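Scroll down for the structure; my scribbles are underneath it.
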Amino acid sequence: MRTISATKEAAREGRAHHRVLGRKAVAGYLFIAPSIAFLLVFALIPFLFTIYVSLHDWNMLVPLSRARFLGFENYRYLLFEDPLFWQTFRNSVVFALGNVVLTMALSLAVALLLNSRLRLRALWRSAFFMPYVTSSVAIAIVWSNLYHPTYGLFNGVLQFLGLPTLDFTNSPSQAMPSLIATSIWHELGYYMIIFLAGLQSIPGEVYDAAKVDGAGGWQQFWRITLPLLRPTILFVAVIITLSSLQVFDLPFILTNGGPVNSTNTLVLYMYQTAFQFLRMGRATAMAILLFVVVFAMTLIQLRLLRERE
Amino acid sequence: MSHYRINRRRFLQASAAALPALIAACGGAGTSTPTAPQAKPAITPTAAPHVSGPSGASVTLTVLTHWGDQSLLKALTPWFEECARKVNVRIVHQTVAFDQLLTKIMTGRLGGQSVDIYHFYNLWLPDFVGSDLLAPPPVDVVDDIKSSYGQGSVEGVTYNGQVWGYPTEVDSYQLIYNKRIFDEAGVDEVPKTWDDVRAAAKRCTKKDSNGKISQAGFMLIKGWDSGVVHPWLSLLWSNGGEFVSKDYSRALFNQQPGVQTLGFEMDLINDGSVNLGFGLEDFVSGKVAMTIMANWWGASLRASSLGIKSFGSAPIPYNDGHESVALQYNWLWGVDKNSPHADMAWKFIECLNSPRNGKASPMGEYLTTGLNALPSRLSDQKALANRINDPFIKPFVDALRNARTEPIIPGAQEIKTSLQKQIEAAWYKQKSPKEALDTAAQEADRILQEKRQ
């Protein structure tokens, strides 16, 4: 009898527990509903629409219902027939690699410098951060003047030093390095701040202990700073890679993809295809292919983070 | 079970992280669209539409142009007011920058907010006509256009045998030269033939102590499709060449005359007379002796510190045995097919383009004052002769007599961009002229074939 009553009591408690859990679950869903709605409206639906458009020939001047269905023709053309797609993809990768390596190295170096007991530290930090808050359009216009082969400042300095002048954005071989240099100058301050935050989260006791053990500056950097900064380095590497693969404004203003497509990036080509050639289907197919690359990069990031855990 | 949950969570994390990236990838271009680099004077969009006409008018027409600059609006609005009063309509004038005009037309159409009247570049005609965007003009308007405009301008607004709107601004290309540099170099006669150009360019070129060109004999404009292709096409036609076949089925620009034309440009580069790093501003500041450009650029030369009197213009140089032919292109007024007031829209446009008691039309007045451009209407060219016959502009007007209109073919913009890149590849010696033109022709043939389907 006692057993039956205990069972009933347990069942009652179980139901009550489930009710509480159920209420909590409903509340939880309500809390995340705005985010879900946001994702659906601004991410998932446009994503599905993008896939749909990428399977059609559509110029945006006619209703989508009149667009011609092509199946995977846009993808086939881009991957197997269009040399410019691969060239712009290569350009985007080169830009991303140059940006990742140099921006990371320089922003870390500046962060280390500004993390030390430097005079006017706040002023230096603001100075390095300022380009980041400047419009990239303005930056591109200013730098196009700095790069000008005849009256540009850079060639003026080279001439003053008795060195041969350069063509910068007017040379197919020098245009991409010039673009990367501009991008580094623009973004260095932002990543410097992230590295500074990472550096300041490393406990000072670790350095104190290392000093007691007789570790020098280099040893402290290689054995303490870099390993403990790993999550920050990884984060910065992934963010720079993703943003670099999607670069548009700088090449658009500074070089318009030239000379001879040497700085034409995938997103710039996408823009030209959509809004100059009126090939919305092909442009969205490029967007999907870029998405695949970006998605793969994100998965790699998660994998690396999991390994760290 | 636990393992499955972790994987699913990770997948969701990855998806959530990647979706914004996708949106950025899809919308990267759209969300970050700064003003395009353009050689034409920058025209800024107005903050709000400008309204003209009687407030009691029952019909409101929306007009879209790229004339948003305050000085242009100041010159244009009185004419809009006058015609709006005559036709008894209210005009809502929307403006965007030139590089946003096509996008604005596309998005307006897509969002069901098309305007009634467009002012647009004639190269867009095949796409507009193919998409049923335009209403054909009434018969009397077509008759007026055919009888009152030059042949090149009529051809410039005709597609598939149908006239689609009133021609407005017409632009032609000529050789533009710096008189001071010619004088200093002892070039007494303006070059007429390709050989003359090469010889004069050599004499006008100066190099600095490093051997770099500090003053160029000739400037090839690069990085801008029209700046590369329009002068090249003028030279091609002045060498007896053709751009495409008459039935628009295949490109012909890679035949012998085309290869020779690109070869002529390569000769100028190989002679050391061209600095590919130079841009339009270098010409304006007096560092270049010659280039081939359109009449609208005269506004920049007029405003330069050197002044318009420092510059001259002359017919496009031709290859021996041929005659000079300039390229011309047009802008035109057209009416949206879905406009509920198409008849009133045509009346308004007709008013803008009709002579006023023997005087120039409102558009003629506006084009020659506000925009510094050439009017297409023959009666306007006559009535405004004092404005368009100054020594610099006159050769451009004269050139219209035998100028050829930029080919209005399906996929024209794409073909033009492809040709521009290939011509530049030859200039930078990445390809031979023949290889470059064959590649561009192959691409053009593919585009033409696709557009015919």
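Values in this text are rule-based calculations from the coordinates and carry no lab data. Since this is a predicted model, take the numbers as computed values, not measurements. Counting neighbours? That spans all protein chains shown, and the Cβs are built from the backbone with ideal geometry, glycine included.
Compute for segment B:278-367: radius of gyration divided by Kirkwood radius, i.e. Rg/Rh, restricted to C-alpha atoms, rounded to two decimals. It would help to have the intermediate numbers written out before the result.
On the way: Rg = 19.5 Å, Rh = 17.1 Å.
A ratio of 1.14.
Here segment B:117-174 is treated as an ellipsoid with the same Cα gyration tensor; its semi-axes, largest first and in whole Å, are 17, 15, 10. Summary of the geometry: segment B:158-185 and segment B:264-309, compared by the centres of their Cα atoms, lie 15 Å apart. If the Kirkwood radius is taken over C-alpha pairs of segment B:140-245, then at 10 °C and 1.306 mPa s the Stokes-Einstein diffusion coefficient equals 92 µm²/s.
Can you tell me the FRET efficiency between residue B:337 and residue A:122 if r is taken as the Cβ-Cβ distance and R0 is 56 Å, rounded to the nearest 0.05? All intermediate terms of the calculation are to be shown ahead of the outcome.
Details: r = 62 Å, r/R0 = 1.11.
Efficiency, from the Cβ-Cβ distance: 0.35.
Peptide A:252-260 has a mean of 6 when you count, residue by residue, the C-beta atoms of other protein chains within 10 Å of its C-beta. Its alpha carbons considered, chain A gives a radius of gyration followed by a Dmax of 26.9, 105 Å.
Most tightly packed first, judged by the mean number of other beta-carbon atoms within 10 Å of their residues, the peptides B:182-194, B:335-347 read B:335-347, B:182-194. From the Cα gyration tensor of segment B:66-153, with a ≥ b ≥ c the square roots of its eigenvalues, which class applies: rounded if a/c is under 1.5, or else prolate if a/b is larger than b/c, or else oblate? Verdict is rounded for segment B:66-153. Per residue of peptide B:273-280, the mean number of Cβ atoms on other chains within 10 Å of the residue Cβ is 4. Report the Cα centroid-to-centroid distance between segment A:71-107 and segment A:222-240 in angstrom, as an integer. Each part reduced to its Cα centre gives a spacing of 25 Å. Calculated on C-alpha atoms, the gyration radius of the protein assembly as shown divided by its Kirkwood radius gives an Rg/Rh of 1.05.
Measuring between their Cα centroids, segment B:71-112 and segment B:218-242 lie 32 Å from each other. With q set to 0.27 Å⁻¹, the log10 of I(q)/I(0) for segment B:196-253, from the Debye formula over equal scatterers at the Cα positions, is -1.08.
Taking the Cα centre of chain B as reference, the dipole from Cβ charges on Lys and Arg (+1) and Asp and Glu (-1) amounts to some 1260 debye. Taken one residue at a time, the phi angles of segment B:229-239 give Karplus couplings (6.51, -1.76, 1.60, θ = phi - 60°) of 7, 4, x, 5, 5, 4, 5, 4, 5, 7, 10 Hz. Gly and Pro are set to x.
Radius of gyration over Kirkwood radius for segment A:2-54, both on Cα atoms: the Rg/Rh ratio is 1.47. Only one residue of A:29, A:47, A:16 has its Cα farthest out toward the positive end of the dipole of segment A:2-54, where Lys and Arg carry +1 and Asp and Glu -1 on Cβ, and that residue is A:16.
Considering helices alone, the calculated mean residue ellipticity of chain B at 222 nm is -14000 deg cm²/dmol, with DSSP H runs of length four and up weighted by -39500 (n - 2.57) and normalised per residue.
Would you kindly give the portion of the calculated P(r) for segment B:334-414 that falls above 14 Å, as a percent of all Cα pairs? All intermediate terms of the calculation are to be shown ahead of the outcome.
Working: 2259 of 3240 pairs.
Summing the P(r) tail past 14 Å for segment B:334-414 gives 70 percent.
Spin-label pair residue B:246-residue B:390: with each label point 7 Å from Cα along the Cα-Cβ axis, the two points sit 4.2 nm from one another.
Mind jotting down a quarter of the surface of the convex hull over the alpha carbons of chain B, in square nanometres, one decimal? If you can, show how the numbers build up before the last one.
On the way: hull surface 114.1 nm².
Spelled out: convex hull of the Cα atoms, projected over all directions, averaged, 28.5 nm².
In a simple Cβ point-charge model (Lys, Arg +1; Asp, Glu -1; nothing else charged), segment A:2-54 has a dipole of about 400 debye relative to its Cα centre. The mean number of partner chain beta-carbon atoms within 10 angstrom of a residue's beta-carbon across peptide A:286-296 is 5.
Projected over all directions and averaged, the alpha-carbon convex hull of segment A:139-283 occupies 12.5 nm². Amide H to amide H, with H built 1.01 Å from N, residue B:289 comes under 5 Å of B:216, B:217, B:218, counting only residues 5 or more places away or on other chains.
With a Förster radius of 30 Å applied to the C-beta separation of residue A:8 and residue A:40, the computed FRET efficiency comes to 0.10.
With a threshold of 30 Å on the Cα-Cα distance, the over-threshold entries among B:212/B:434; B:207/B:421; B:179/B:421; B:309/B:434 are B:179/B:421; B:309/B:434.
Cα-Cα pairs above 23 Å in segment A:60-154: how many percent? Display every interim value, and only then the final one.
Numbers: 2697 of 4465 pairs.
Distances greater than 23 Å cover 60 percent of the Cα pairs.
Summing Cβ point charges (Lys, Arg +1; Asp, Glu -1) relative to the Cα centre of the protein assembly as shown gives a dipole of roughly 3180 debye.
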